[in-house]
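Shown next, in structure tokens, is the structure this report addresses.
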Amino acid sequence: GWFPLSTAGAQTTQLLVEPPWKPAVLWDRVTLTCQGSGTSNATTWYKDGQRWGKGRPDQFIVTESGTYKCDRPGTGLSSTVSVLNDRLVLQVPVRVLLEGDTLTLHCQV
């Protein structure tokens with residue numbers, strides 16, 4: 001399932017990651033989806049702090065490691081997602097965790 005990386009309300013741009021593990025890793029075939037109000041395909045993407053494209057699709061498969069965020073007209077910038085290309089990664093689920101929750105860790109090589 002899709003999990004937002006921000007817990008803010010519906011009036012905020014959400015950057016969703018699939019598969020839902022943090023940090024995301026390039027070799028996991030990561031899909032990013034930008035959700036917010038406004039016209040579909042009016043998304044502006046940023047990679048490594050630089051504008052990476054305006055009017056791009058709301059969803060794409062990541063092919064390069066880096067940090068990503070998106071902007072939707074009317075709801076602004078999303079939080080940042082890092083996509084790593086590391087050989088060994090310890091991941092946690094992308095969801096809000098509360099004290100006392102059982103946590104599944106995911107070790108990938």
Restricting the range 54-68 to residues that are open to solvent by 60 Å² or more (accessible area, probe 1.4 Å) and assigned to a strand (DSSP E or B), the one nearest to T44 (Cα to Cα) turns out to be K54
Count of the range 70-83 residues which are of a type in the set (G, A, S) and open to solvent by less than 30 Å² (accessible area, probe 1.4 Å): 2
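What residue, of D48, D101, D86, is modelled with pLDDT of 95 or more and either surrounded by fewer than 12 Cβ atoms within 10 Å (Cβ to Cβ) or touching a strand residue (DSSP E or B) at 6+ places or on another chain (Cβ under 8 Å) (or both)?
D48
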Find all pairs meeting these conditions: Cβ atoms under 7 angstrom apart; at least six residues apart or on different chains; first residue within the range 22-37 and among the basic types (K, R); second residue not in a strand (DSSP E or B). K22/V94
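The values are calculated or read from the model by the stated rules, or taken from the named source; none is laboratory data. This is a predicted model, so every value here is computed, not measured. Don't worry about glycine lacking a Cβ; one is built from the backbone with ideal geometry, like all the others, and counts go over all protein chains shown. Areas reflect the complete protein model, heavy atoms only, side chains present, ligands, DNA and RNA absent. Shrake-Rupley method; radii C 1.70, N 1.55, O 1.52, S 1.80 Å.
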